[in-house]
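The values are calculated or read from the model by the stated rules, or taken from the named source; none is laboratory data. Quick caveat, the model's predicted, so the values are computed rather than measured. Neighbour counts are summed over all protein chains in view; Cβ atoms, including those assigned to glycine, are modelled from backbone coordinates with ideal geometry. These accessible areas exclude ligands, DNA and RNA; they are computed on the full protein's heavy atoms, side chains included. Shrake-Rupley method; radii C 1.70, N 1.55, O 1.52, S 1.80 Å.
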Protein chains: 6
Amino acid sequence: MRPDNRALDQVRSVKMTRDYTAYAEGSVLVEFGNTKVLCNATVEENVPRWLKGQGKGWVTAEYGMLPRSTHSRMRREAASGKQGGRTMEIQRLIARSLRAVVDLEAMGEIMVTVDCDVIQADGGTRTASISGASVAMADAFEKLVAAGKLKANPMKGHVAAVSVGMVEGEARCDLEYVEDSAADTDMNVVMTEEGKMIEVQGTAEGEPFSHEELLELLALANKGIRDIVEIQKETLSQ
Amino acid sequence: MRPDNRALDQVRSVKMTRDYTAYAEGSVLVEFGNTKVLCNATVEENVPRWLKGQGKGWVTAEYGMLPRSTHSRMRREAASGKQGGRTMEIQRLIARSLRAVVDLEAMGEIMVTVDCDVIQADGGTRTASISGASVAMADAFEKLVAAGKLKANPMKGHVAAVSVGMVEGEARCDLEYVEDSAADTDMNVVMTEEGKMIEVQGTAEGEPFSHEELLELLALANKGIRDIVEIQKETLSQ
Amino acid sequence: MRPDNRALDQVRSVKMTRDYTAYAEGSVLVEFGNTKVLCNATVEENVPRWLKGQGKGWVTAEYGMLPRSTHSRMRREAASGKQGGRTMEIQRLIARSLRAVVDLEAMGEIMVTVDCDVIQADGGTRTASISGASVAMADAFEKLVAAGKLKANPMKGHVAAVSVGMVEGEARCDLEYVEDSAADTDMNVVMTEEGKMIEVQGTAEGEPFSHEELLELLALANKGIRDIVEIQKETLSQ
Amino acid sequence: MRPDNRALDQVRSVKMTRDYTAYAEGSVLVEFGNTKVLCNATVEENVPRWLKGQGKGWVTAEYGMLPRSTHSRMRREAASGKQGGRTMEIQRLIARSLRAVVDLEAMGEIMVTVDCDVIQADGGTRTASISGASVAMADAFEKLVAAGKLKANPMKGHVAAVSVGMVEGEARCDLEYVEDSAADTDMNVVMTEEGKMIEVQGTAEGEPFSHEELLELLALANKGIRDIVEIQKETLSQ
Amino acid sequence: MRPDNRALDQVRSVKMTRDYTAYAEGSVLVEFGNTKVLCNATVEENVPRWLKGQGKGWVTAEYGMLPRSTHSRMRREAASGKQGGRTMEIQRLIARSLRAVVDLEAMGEIMVTVDCDVIQADGGTRTASISGASVAMADAFEKLVAAGKLKANPMKGHVAAVSVGMVEGEARCDLEYVEDSAADTDMNVVMTEEGKMIEVQGTAEGEPFSHEELLELLALANKGIRDIVEIQKETLSQ
Amino acid sequence: MRPDNRALDQVRSVKMTRDYTAYAEGSVLVEFGNTKVLCNATVEENVPRWLKGQGKGWVTAEYGMLPRSTHSRMRREAASGKQGGRTMEIQRLIARSLRAVVDLEAMGEIMVTVDCDVIQADGGTRTASISGASVAMADAFEKLVAAGKLKANPMKGHVAAVSVGMVEGEARCDLEYVEDSAADTDMNVVMTEEGKMIEVQGTAEGEPFSHEELLELLALANKGIRDIVEIQKETLSQ
């Protein structure tokens, strides 16, 4: 049995709260069970230097964990003077995932930065970040449209992500922390709302995994992501 | 008139939510109007190296702002590779304020770290941090007492803080951002629940201030802090 | 046609030169076409602090590029004062891949560090690094066995890796730089010599990819890795 | 009795040596008893980027301690790779204090940087720095006037500072190191020559302090600062 | 006897391989016995900011050691976050030596950066770097001439370097590692092809050295450098 | 004519003030004309980790320049977050020079750190540092002898240094800044009081130098150092 009696293919209770903070152009608190991430999208009217003058926009992301978002306190990255390898990996993944659903040409020379800050971590913070950031970014673009700065929202659709894994011989969807720690294989999948893949990152933490296990995990991810996309759409329709 | 029709000696609406996150030994979301700070107290059973073997405890604090807690996005300190001077000043102030109300001898060799992370900033983040951290620390100590690790709570009482300032010729209590920006003098006052002073930091941003103005500001601070202490007590009694 | 008339499922000419440098316990120059990486395995008889006293070993890796291994000069990471996100991602991947084929318990309290330094980069440096590092590590372990410090080589088998991708609508194996730059999807696959997967990292650089494309890429990777494992075995048999 | 038989309201022997070094536009060695700080004012004809084009000037300060200015050697901040929190607090305080007595509009686009480097530390280094820096800055402005680059000295008057504190139940003025270490309350006060306050920073190191104690300390500070201003004026008149 | 039966005034077997890597404008692998350094010269058509607009060029150098170029593994400088003092000393020496034989005025606003990366270290890495870098730089300039970007090669001649030292009472030329470790005096000499000196750096590691010993060492260096210059010329004539 | 009518072989007016600061075990302000360096020797009763348990001592040095010790203000190294290459070169040179005249075995497990901080720079700061540091170190050792912690002073004699150079075709001793800037060759020589060499560092800033010029410079250095050693002895005899 899973810790909370979830079915193997079931995502945790997902909740997205828009306008969670007051100043960001898009601000979403996303909760996947006990995992809580605040996704704030900022719009700035200038692009990185290497992109200037090309008439294109850019989307980037930063990721951080509050020191006590975890069971035992982690050292604050600002105090240690650098962002660790895991942080950098994750923020690069979030940024690539978001850019995959945006028409950068249609943005004009605008930059959107989505900050994903983990308030509480119970597994799946990177996939929750992507799923919440998509909604925060959508809100930010809508504000630009409403203000007449963009003719149309340059997003081609939603992007969502989920972690899946082999735990005690079972393929499970949306691992929470205790499952993630016990997983032989852990895979993060990022998809568009049409179910096409943007990123697949599978890692054998224990035993290597077979082709069949990979297929099983992908099928679970596909279902989970479809469920999350429904919640994204519902959230934005309110 | 003040932005929200407050009386000159009136603190903003203050709200303290305990157990805001799940893992910290004490976790309080403190809100002073639109200023929101998450104060998480962590207990660790070892003290800094320079204090080892003396049978005493230690209390420290760290402070950070989420990049989009402010009107325009600030650079993430973890990304810039160091904490700025303002951050260091504030976290040193919070830590000194907390230690002033704790009997370090009575703690034994235990360390409490309180992380104050600003979710949304509308003035007074350092004073809100101190006021919330006092409650988070109290909760952490109570857990140690309940677990039999401490005989009694080593806090001598509450500590609370408020900012006061001269704005447009008026002494005002608990400045919000627009008032703070316009203030000629800005003063942060930290007091014990008995009204004794722990820190007084007054700065003339514009015109230097007179002795009379200082006295006026101190009186306002005294009243404001008494009001905040009431809320701290009420919060802990729930 | 591919740049060098290779078949779609064909890896580049692969060459592994053992004992390339004189001091490392294992030293392999691995060449995949014009990509050249020097993999040096170092044995040290102490493990990281967090692992001390558990009787287990550890395998780690570091990755770097010489500033002029690329078409235009890159800034030296030692001079810029930090390793970039890409470097950290890659060295974490190499290390995980190597650990997946080592019985850490059987190593005893020994640490192996494999330095992968790119002399010349023409695509696929991370997969070449993994493939070469496996051989360098094998040599290092053999020396420990020969010296009587280990009873048997603790490797469970070889690990190899290859990049595959969708380029101009075709699935291709072992992308070189010009193909990689033009790829819609780029996937790095790490497998054991039995063809089980250790890591799968697929990224849509342009268009998202379908399930069918993923399967096609995995099949290509499987074949490519089998070819590389043959070369690893042959290299070690000399 | 105080260590050197001083009266409670008496500042230490204060000495200011102008033109202590040869290149700085203003150079003052300030001595408060055994505390010795070299204050060098530099004039540069460009302002920080964020101030460009506004026709205003800027005054800033940096503070440092020679490693062996103290009883036991401190680590050199340049070697440790960052300035500590105390250093940053102090240099921000010095800079704010100096700006408070300068008409920045009248300066034109000129920047003055005052470096305060502690040669020997016996308490009160930050207040000695402010008191000496005011004279060094005055000299620098006078040179600009003499060179015809400014019509008049843009200083509105002198600024001086002193530390006061509660030691063994007594309010004392201008604490030296042994007093400072034993103080229950330590307060730094910065005033204009007219006796208006620019900064008040009081900290309870031991027992919290009462309103009456605060008043007593402010009165002492006021007297001490008047004495220091006399010495500043005398120094500049030579 | 010297470790490899060399005569006291004999340099090790020196080998220079041009075009060792494919992308650099000049690429030379230089070997002095077991010391192997890869020297890659990069041409960039812009100069450092402080030199802009003066119509002159610049030559600079960077130096690094692969972590396992040495008997025991050294920490990677990119990982430790800074270049050590020895690295900085050496790269400044290489750069000065190269600039001494280039007519910077004749270069135009072009910058040449020579990266010297040590693949294997057996003493004399800095002198091998200089000797190899001179050839790599010559190749880079020849390419600029061939491309019509320079009228003539702005080098005034070759520069070469060798280490000499007092070992067991004998003056020896081109020390390898075991000799270097045992040397009482170690001297690096950099000369032009005409035998004029660019740098002389002699250090007493053990006993101070006399004037006569200095003269003996200089004579050895002179002979060694002439031999190396022959090899440089021969290499470039191929 | 030299700027101050000095003879070609004449060192500037040299002055050494002992006990310049109060806390350091040895404290010397050394002045060579307008160059002023404060040399503070600190004694600590523990050695670097790598030397522990060997019964030997260690001598090290650190060097810094006050930001306005120079004609135009230099950036403070503590603020820029690292020590530059020049600083590292110089402090390594000072430390090697001092160690060359100390019997480390005879010191026991004690460490002496000499901080050389430049108050005013007019050329020759590194050679002045060495010459002054030798006296500061001697004072520190004498205190250890007086306190009964050492049986005898472990110094084998004095060490002194001077810069010499070819300026406008003339060999000159003890260059001041304007000469140094104009020098074709600049050479720093460090010698024992018996005239044996510890370091010789000659650099052609402009034209390469000949063997004859080198000999001429060494002769000048020899005379200059003998003069400085006289002043060291006289200073210590007072």
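Tallying residues that are in contact (Cβ under 8 Å) with a residue 24 or more places away in the chain and within 16 Å of D:Ile130 (Cβ to Cβ) within the range D:60-91 yields 9. Report yes if some residue within the range A:178-187 is charged (D, E, K, R), touching a residue at least 40 places away in the same chain (Cβ under 8 Å) and out of contact with any Gly (no Cβ under 8 Å at 6 or more places or on another chain); otherwise report no. There is no residue in the range A:178-187 that is charged (D, E, K, R), touching a residue at least 40 places away in the same chain (Cβ under 8 Å) and out of contact with any Gly (no Cβ under 8 Å at 6 or more places or on another chain).
Could you run through the range B:29-57 and say how many residues are in contact with a helix residue (DSSP H, G or I) (Cβ under 7 Å, 6 or more places away or on another chain), of a type in the set (A, V, I, L, M) and more than 22 Å from B:Arg68 (Cβ to Cβ)? Of the residues in the range B:29-57, 2 are in contact with a helix residue (DSSP H, G or I) (Cβ under 7 Å, 6 or more places away or on another chain), of a type in the set (A, V, I, L, M) and more than 22 Å from B:Arg68 (Cβ to Cβ). Restricting attention to the range A:1-26, the residues that are open to solvent by 50 Å² or more (accessible area, probe 1.4 Å) and part of a strand (DSSP E or B) total 2.
Which residues, taken from the range C:18-30, are under 19 Å from C:Leu98 (Cα atoms) and within 13 Å of another protein chain (Cβ to nearest Cβ)? Before the answer, list the steps.
At the first step, the residues of the range C:18-30 found to be under 19 Å from C:Leu98 (Cα atoms) are C:18, C:24-30.
Passing the criteria: C:Ala24, C:Glu25, C:Gly26, C:Ser27, C:Val28, C:Leu29.
Within the range B:159-192, count every residue that is among the small types (Gly, Ala, Ser), part of a helix (DSSP H, G or I) and touching a strand residue (DSSP E or B) at 6+ places or on another chain (Cβ under 6 Å). Talk me through it step by step, then tell me what you get.
Applying the first criterion (among the small types (Gly, Ala, Ser)) to the range B:159-192 yields B:160-161, B:163, B:165, B:169, B:171, B:181-183.
Next, only the ones that are part of a helix (DSSP H, G or I) stay: B:181-182.
Among the residues that remain, those that are also touching a strand residue (DSSP E or B) at 6+ places or on another chain (Cβ under 6 Å) are: B:182.
Here the count works out to 1.
Checking each residue of the range C:213-232 against the condition of being more than 25 Å from C:Leu98 (Cβ to Cβ), within 8 Å of chain A (Cβ to nearest Cβ) and buried (at least 16 other Cβ atoms within 10 Å of the Cβ) gives at least one match.
Under the condition of being more than 23 Å from E:Ala7 (Cβ to Cβ), touching a Gly at 6+ places or on another chain (Cβ under 8 Å) and surrounded by 16 or more Cβ atoms within 10 Å (Cβ to Cβ), the residues counted in the range E:188-199 number 3. Is it true that some residue in the range F:149-157 is within 11 Å of another protein chain (Cβ to nearest Cβ), modelled with pLDDT of 95 or more and out of contact with any strand residue (DSSP E or B) (no Cβ under 6 Å at 6 or more places or on another chain)? So far as the range F:149-157 goes, yes, one or more of its residues are within 11 Å of another protein chain (Cβ to nearest Cβ), modelled with pLDDT of 95 or more and out of contact with any strand residue (DSSP E or B) (no Cβ under 6 Å at 6 or more places or on another chain).
In this structure, is E:Arg73 of a type in the set (Lys, Arg) and under 13 Å from the mean Cα position of the chain (by Cα)? Show your work before the answer.
Working: of a type in the set (Lys, Arg): yes; under 13 Å from the mean Cα position of the chain (by Cα): no.
Considered against the rule, which asks whether it is of a type in the set (Lys, Arg) and under 13 Å from the mean Cα position of the chain (by Cα), E:Arg73 comes out as no.
For D:Glu170, the conditions (1) facing chain B (nearest Cβ under 8 Å); (2) touching a residue at least 40 places away in the same chain (Cβ under 8 Å) are fulfilled apart from (1). For the range B:168-187, a residue qualifies if it is among the polar types (S, T, N, Q) and open to solvent by less than 10 Å² (accessible area, probe 1.4 Å), and exactly one does: B:Thr185.
Note on the range A:27-56: among residues that are acidic (Asp, Glu) and open to solvent by 40 Å² or more (accessible area, probe 1.4 Å), the one that is farthest from B:Val28 (Cα to Cα) is A:Glu45. The residues in the range E:57-111 that are among the aliphatic types (A, V, I, L, M) and either open to solvent by 20 Å² or more (accessible area, probe 1.4 Å) or away from chain F (no Cβ under 14 Å) (or both) can be counted, and the count is 12. With respect to (1) of a type outside the set (A, V, I, L, M); (2) within 14 Å of chain B (Cβ to nearest Cβ); (3) open to solvent by 10 Å² or more (accessible area, probe 1.4 Å), the lone exception for D:Gly165 is condition (3).
Within the range F:193-207, residues that are assigned to a loop (DSSP other than H, G, I, E, B) and of a type in the set (Gly, Ala, Ser) sit with their Cβ atoms under 8 Å from residues that are open to solvent by 20 Å² or more (accessible area, probe 1.4 Å) and at pLDDT 95 or above, at 6+ positions apart or across chains, in these pairs: F:Gly195/F:Asn222; F:Gly195/F:Arg226.
On the stretch given as the range E:220-238, residues that are in contact with a strand residue (DSSP E or B) (Cβ under 8 Å, 6 or more places away or on another chain) and without any contact (Cβ under 8 Å) to a residue 24 or more places away in the chain total 0.
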